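Asker: Just dropping this structure here.
Read the figures in this text as sums done on the coordinates, not as results from a lab. None of these values were measured; they are calculated from a predicted model. Methodologically, a virtual Cβ is constructed for each residue, glycine included, from the backbone with ideal geometry; neighbour enumeration extends over all protein chains shown.
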Amino acid sequence: MATETTLVLLKPDGIQQGLTGTVLERYLREGFRIRGLKMLQASDELLNEHYAHITHLEFFPNIRAFMQETPIIAVALEGEDAISRVRQILGPTDSNEAAPGTIRGDFGSKDQFSKMRNICHASDSPESAATELKRFFEEGEVFD
């Protein structure tokens, strides 16, 4: 297994429910190390770039509005096989399909918003992790 750094975004529903510490504790308990952490208000430009693959879909304005309800928290997590392990701990995108014991299974929305109000985003590949880390962290904001 290789040591990797991945991006986790704590979404507004996680912030609103006061789950920041709980989510971070779950990852730290699994041996991940925080290399970067910051709170930010996501701009239209940032969200349009991050969700470029779905900006053309009719529901995108709802996602953008949701992601701007509160500031979000960006976390750079490092660990062995971090990308897949972080996603395993998080659970599937649809909180309705997430098993109890996963972050989304325990805290994600269980209604028609279960794919959007699902507590966190996590990078899904080494390529997306590299791109997303650069999108949310500037030079010098991720530490060794």
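Asker: Highest mean first, how do 102-113, 23-34 rank when packing is the count of other Cβ atoms within 10 Å averaged over residues?
Answerer: Ranking, from highest mean packing down: 102-113, 23-34.
Asker: Per-residue counts of other Cβ atoms within 10 Å, averaged by peptide: what ranking do you get for 9-15, 41-47, 123-129, highest first?
Answerer: The densest-packed peptide leads the list: 9-15, 123-129, 41-47.
Asker: Quick one: work out the % antiparallel among DSSP beta bridges in the chain, nearest 5.
Answerer: For the chain, the DSSP antiparallel bridge percentage is about 95.
Asker: Would you mind working out the magnitude of the charge dipole of segment 3-136 relative to its Cα centre, with +1 at each Lys and Arg C-beta and -1 at each Asp and Glu C-beta, to the nearest 20 Debye?
Answerer: Approximately 300 debye in magnitude.
Asker: If packing is taken as the mean number of other Cβ atoms within 10 Å per residue, what is the order of 114-120, 84-90, highest first?
Answerer: Numbers: 114-120: 22.1, 84-90: 19.3.
So the order, starting with the most tightly packed, is 114-120, 84-90.
Asker: Further, regarding this structure: Using a simple spin-label model with points 7 Å from Cα along the Cα→Cβ vector, what separation in nm is obtained for Asn96 and Leu40?
Answerer: 3.3
Asker: Still on this model: Considering amide H positions built from the backbone, and no H for Pro or chain starts, which residues 5 or more places from Gly36, or on another chain, come under 5 Å of its amide H?
Answerer: Amide H neighbours of Gly36: Ala76, Phe143.
Asker: Turning to a different aspect of this structure: In the chain, with Lys and Arg counted as +1 and Asp and Glu as -1 at Cβ, which of these residues, Ala42, Ala76, Leu10, has the Cα nearest the positive end of the dipole, that is, farthest along it?
Answerer: Result: Leu10.
Asker: Note down the net charge around Tyr51, summing +1 for each Lys or Arg and -1 for each Asp or Glu among other residues with Cβ under 12 Å from its Cβ.
Answerer: Around Tyr51, the charge tally is -2.
Asker: Sum -39500 (n - 2.57) across every DSSP H segment of at least 4 residues in the chain, then divide by the residue count to get the 222 nm mean residue ellipticity, nearest 500. Mind dumping the intermediate values first?
Answerer: Values: 7 runs with 55 residues, N = 144.
Calculated from helices alone, the mean residue ellipticity at 222 nm is -10000 deg cm²/dmol.
Asker: Sticking with the crude label model, points 7 Å out along Cα→Cβ, report the distance from Gln112 to Ala65 in nm, one decimal please.
Answerer: 1.3
Asker: Give the lysines reachable from Lys134 as a straight Cα distance under 17 Å; neighbours fewer than 8 places away on the same chain don't count.
Answerer: Output for Lys134: Lys38.
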